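**Student:** Quick one: the structure is below, and I'll ask about it shortly.
The values are calculated or read from the model by the stated rules, or taken from the named source; none is laboratory data. Since the structure is predicted, the reported quantities are computational estimates derived from the model, not experimental observations. Quick reminder, even Gly has a Cβ in these numbers, built from the backbone with ideal geometry, and neighbours come from all protein chains shown.
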Amino acid sequence: MYEIRFHGRGGQGAVMAAQSLADAAVRSGFHAQAFPYFGAERRGAPVQAYARIDTKKVRTKSQVYNPDLLVIMDESLSELADIAAGLKPDGRVVMNTTKRPEEVDLGKGVDAVCGTVDASALALEVLKMPVVNTSMLGALARVWDVVPLESIVEAIEDRFGEKLGTRAGILNGEAARTAYDSTIIGRTLGRKEYGKLAEWAPAWNEIPIGNSLRSETRDGVAVGPASSSQNLTGRWKWSTPRYDREKCIRCLRCWWSCPDSAVIRLDDDYMRWDMDHCKGCGICADICPVNAIEMVQGAHTW
Amino acid sequence: MNRMSSMKDVPREDMLIHGHGACPGCGYAATAKNIAKMLGPNTVVYVPASCLVVFGALYPISSWKIPYFFTAFENTGAVTAGIKAALRRRGVDATVVGMAGDGGTFDIGLQALSGAAERNEDVIYVCLDNEAYMNTGIQRSSATPFGAWTTTTPVGQVVKGNRYFKKDIARIVADHNVPYVATLSVAHFTDFVRKVQKAKETKGFRFLHCLTPCIPGWRIEPSKGVSINRLAVDTGMWTLYEVVNGVPKVTYKPKTIVPVTEYLKLQGRFKHMSEEDILTLQGWLCEKWRAHYGEEPGSPPCPVPVHEEVLAHDGDPLYGI
């Protein structure tokens, strides 16, 4: 039995990728299953999806703990946690990154065949939107030859075609083929060590009466009111606002409309952007009456 | 205490701070942030099950700077009333606000809301209306507009999308004879500021109904998360008014009615809609416009109504004699 684990962010299509792979496997004569990890449904959150492929009926229904193949759709996930945990000794990795396989570091103990592809750029080029699932499936076919590319493209065209229209299906198939051709195959050797996961999980007798917490630090984690500023949600963005102070008329609309309080109103009513928390949604650029804000492709920290 | 009348007067300090986990471009977060900011530090916030629970505070990490409380889905009215009673008993004078979603207000929380409104509890009830159960993955609520796709009103061969019209919750609450009811849109900021300020200084039960766009649920571009509210008001899908002690007053009226297609075409949840369905929705909107603003909407998109002579009792002149 082959087990595949997809790591992505909400909105990248990890679930559709797992389903399409299972579909493709069935088309090639295998039995397969695919399902997501259940969590809150929102964009940008780390998500997982799983697929199992076997020559006989798949009876296991659990999550995948020891994958044969790891598909990493967002590079920054590997900085947050040890996502390669449980990878089998002869396992393989497909990763969406601009790096070469030798430069990829998934933590000590990982020594695996690795394919890298710049799926984000590729998806923007072919699909005109940063949804990388189909490109990653193309790269997957190159790294791992159990399910052939033709079945995958067929499954993508059918699944996406049915849901989003024939043209979208063909475009997504195209994205998979392009990614197949531009994947670089090499070997990754993990070096870095992940620290103990910074998470304060209290036992029942440690929970304060009434469950209320003060603003404090426990085991290196800020807890209580206003502790979320430690979450650097700025890592989610794929486009960055650029602010032109000369054009600004200080109407405050961007400051008012920013859902993430990432636009900081200075004492003189000009603005400053908090790039650690800006998610790059583009509301500020959309609402600006004088076009003093423009969205620039990519994550920048100016 | 300074009175806020425009965006310039709103304080810089946030009560719902950055680092929360809402989707990029979340209208829900933008609205909640601004209401919390205006209510200030002397506030207790209660949130039932909704997106705001998931992105605002997951124990032990919280985005709120103010005391925050969370229990079950259906009891926003009851819990806020209880918090207020406890504070009164302790001699603390603080604003108590409950921020529920549309599911927690229109459907599940309706009885507790009605009870609190009937007793005229001294709390602010904010309904952040994103027109479906978005947190659990886009299921229909009674706030979902006609024709919209959700996972429980799918687009099939015969029935395409939601078949029911949106419930007018603000009117239901206003009919409880509460001191203050208002509808808000985060894109109409001056109107927004004035209404929240009014709610803040009123005593008794106050109800604020806010339209909050949902990026994945409405299938819209993240950058449209606030500006789409302008179109919602211009097309009549959303109307801005307040009811002070039972007296309704329109606070903002668009110059002319914009065809509803302008609003629909930006949203993936409406893209399947047939000509016939759009006409039905447009007709409903025209009726709403007439009833709400008390004047004829422009034609097109609204047909001029034909006033047929109503013959009572099928034209029988001797009826009732």
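**Student:** Go through segment B:224-241 and count every residue that is among the β-branched types (Val, Ile, Thr) and within 14 Å of chain A (Cβ to nearest Cβ). Walk me through it before giving the result.
**Tutor:** Step one: of segment B:224-241, the residues among the β-branched types (Val, Ile, Thr) are B:226, B:228, B:233, B:235, B:239.
Next cut, within 14 Å of chain A (Cβ to nearest Cβ) only: B:226, B:228.
Total satisfying the criteria: 2.
**Student:** Do you know which residues across segment A:202-244 are facing another protein chain (nearest Cβ under 10 Å) and of a type in the set (A, V, I, L, M)?
**Tutor:** The answer is A:207, A:213, A:221, A:222, A:223, A:226, A:232.
**Student:** Looking at this structure, is residue B:54 part of a helix (DSSP H, G or I), at the interface with another protein chain (Cβ under 8 Å from one of its Cβ atoms) and of a type in the set (Val, Ile, Thr)?
**Tutor:** On the way: part of a helix (DSSP H, G or I): yes; at the interface with another protein chain (Cβ under 8 Å from one of its Cβ atoms): yes; of a type in the set (Val, Ile, Thr): yes.
Yes, satisfied.
**Student:** Got a sec? Which of B:249, B:255 is under 24 Å from residue A:288 (Cβ atoms), of a type outside the set (A, V, I, L, M, F, W, C) and outside any helix (DSSP H, G or I)?
**Tutor:** Working: B:249 fails: under 24 Å from residue A:288 (Cβ atoms).
Criteria check complete, one pass: B:255.
**Student:** Of all residues in segment B:282-306 being free of Cβ contacts under 8 Å to residues at least 40 places away in the same chain and of a type in the set (D, E, K, R), which is nearest to residue B:164 (Cα to Cα)?
**Tutor:** Residue satisfying both the conditions and the ranking: B:287.
**Student:** Also: Counting only residues that are part of a strand (DSSP E or B) and facing another protein chain (nearest Cβ under 7 Å), which one in segment B:57-76 is modelled with the lowest pLDDT?
**Tutor:** From segment B:57-76, those part of a strand (DSSP E or B) are B:57-58, B:61-62, B:64, B:68-69; that's our starting set.
So of that shortlist, the ones also facing another protein chain (nearest Cβ under 7 Å) come out as B:61-62, B:64.
On the way: B:61: 84, B:62: 88, B:64: 93.
Applying the filter and picking the extreme gives B:61.
**Student:** Determine, yes or no, whether residue A:123 is more than 18 Å from residue A:76 (Cα to Cα) and part of a helix (DSSP H, G or I).
**Tutor:** Numbers: more than 18 Å from residue A:76 (Cα to Cα): no; part of a helix (DSSP H, G or I): yes.
Considered against the rule, which asks whether it is more than 18 Å from residue A:76 (Cα to Cα) and part of a helix (DSSP H, G or I), residue A:123 comes out as no.
**Student:** With respect to residue A:290, determine if the residue is more than 7 Å from chain B (Cβ to nearest Cβ) and either closer than 23 Å to residue B:38 by Cβ or modelled with pLDDT under 90 (or both).
**Tutor:** On the way: more than 7 Å from chain B (Cβ to nearest Cβ): yes; either closer than 23 Å to residue B:38 by Cβ or modelled with pLDDT under 90 (or both): no.
No; evaluated as a whole, the condition is false for this residue.
**Student:** I want to confirm something. Restricting to segment B:110-120 and keeping residues that are small (Gly, Ala, Ser) and closer than 12 Å to residue B:207 by Cβ, which single residue is surrounded by the fewest Cβ atoms within 10 Å (Cβ to Cβ)? Quick ask: steps written out before the conclusion?
**Tutor:** First pass over segment B:110-120, keeping only residues small (Gly, Ala, Ser): B:112, B:114-117.
Cutting the leftovers down to closer than 12 Å to residue B:207 by Cβ gives us B:114, B:116-117.
Details: B:114: 15, B:116: 29, B:117: 24.
The selected residue is B:114.
**Student:** Which ones in segment B:28-48 are buried (at least 22 other Cβ atoms within 10 Å of the Cβ), among the small types (Gly, Ala, Ser) and more than 7 Å from every other protein chain (Cβ to nearest Cβ)?
**Tutor:** Residues satisfying the conditions are B:32, B:36.
**Student:** Follow-up. Please find, within segment B:240-256, the residue that is nearest to the chain's Cα centre (by Cα) out of those that are farther than 15 Å from residue B:173 by Cβ and surrounded by 13 or more Cβ atoms within 10 Å (Cβ to Cβ).
**Tutor:** Filtering segment B:240-256 for residues that are farther than 15 Å from residue B:173 by Cβ and surrounded by 13 or more Cβ atoms within 10 Å (Cβ to Cβ), the one nearest to the chain's Cα centre (by Cα) comes out as B:240.
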